[in-house]
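Worksheet: one structure, shown below.
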Amino acid sequence: DHILETLDPGDFYGESGVLQDLTAFYRVRTGSQGAEVYRVNREMLLGIPVVRWKLCEVHERRTRMLVNQRLVSGPVPGWRYEYRTNVEAMDAQHRELFALAEDLHATIVSDGVGEAEMGGALESYIEQTEKHFADELALMQEYGFPGSGKHGGKHAKLLRSLRQLHVRGDASDLDVDFTDFLREWVTHLLTEDRRYGGYLNDVGVS
């Protein structure tokens, strides 16, 4: 229910559908006076380099808006409607990982928590993330998603970032690093995961 942006005459939306053939990750509402909207053919837009560049710029800006700290309900990003893939099994795992992230963050910032307890909580989160990535990749491969190899490579990069988090003497460093990782993962949800979601929906997986 957060208003991300108010469009003026000449503005546009639906750039993710043009660039990536995906449904938009936000909902559009008209004001009290309504609006006149024109739909432009996707192939026509992609054939104009300067227009395609503009679409990329706006898509990147709007993606960043969805991981903006002002729009989350707590100190770390929580589950939002816009993060869905429309594959229920994977969305359920995503929601679980968000809940675990909130628990881990609470442990990190709690007074009196020792390094052993903090390290154990971090290791548990890493294990759950590894399991989710494995389940996700197996599902893509089962249904022949053509981007599964590239997607698996992005999982490996995210896991490297996660494994590089260490429990240090100053928990504030871990807090910042973990929050940065979550933002990187949310961006992955909004881009890469939504690609396989659309493909699986088309072959009857929901």
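The values are calculated or read from the model by the stated rules, or taken from the named source; none is laboratory data. All values derive from a computational prediction rather than experimental measurement. Here Cβ is always computed from backbone atoms with ideal geometry, including for glycine, and neighbour counts include all displayed protein chains. The accessibility values were calculated without ligands, DNA or RNA, using every heavy atom of the protein model including side chains. Shrake-Rupley method; radii C 1.70, N 1.55, O 1.52, S 1.80 Å.
Results for (1) part of a helix (DSSP H, G or I); (2) open to solvent by 40 Å² or more (accessible area, probe 1.4 Å); (3) among the acidic types (Asp, Glu), shown as yes or no for each residue.
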| site | (1), (2), (3) |
| --- | --- |
| Ile108 | yes, no, no |
| Met118 | yes, no, no |
| Ala121 | yes, no, no |
| Glu130 | yes, yes, yes |
| Leu158 | yes, no, no |
| Glu184 | yes, yes, yes |
| Arg195 | yes, yes, no |
| Tyr199 | yes, yes, no |
Could you check how many residues of region 17-69 are of a type outside the set (A, V, I, L, M), open to solvent by less than 60 Å² (accessible area, probe 1.4 Å), free of Cβ contacts under 8 Å to residues at least 60 places away in the same chain and under 24 Å from Asn201 (Cβ atoms)?
4
So which residues in region 121-165 are of a type in the set (Lys, Arg) and farther than 25 Å from Asn201 by Cα?
Lys157, Arg160, Arg163
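How many residues are in a helix (DSSP H, G or I) and either more than 14 Å from the chain's Cα centre (by Cα) or of a type in the set (D, E, K, R) (or both) when one looks only at region 77-91? Walk me through how you get there before you give the answer.
First, the residues of region 77-91 that are in a helix (DSSP H, G or I): 81-83, 88-91.
Subsequent filtering for residues that are either more than 14 Å from the chain's Cα centre (by Cα) or of a type in the set (D, E, K, R) (or both) retains 82, 88-89, 91.
Total satisfying the criteria: 4.
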Considering region 63-76, residues that are outside any helix (DSSP H, G or I) and either polar (S, T, N, Q) or at pLDDT 80 or above (or both), and then whichever is nearest to Glu96 (Cα to Cα), we arrive at Ser73
Scan region 148-172 residue by residue and report those that are at pLDDT below 85 and touching a Leu at 6+ places or on another chain (Cβ under 9 Å).
His166, Val167, Arg168
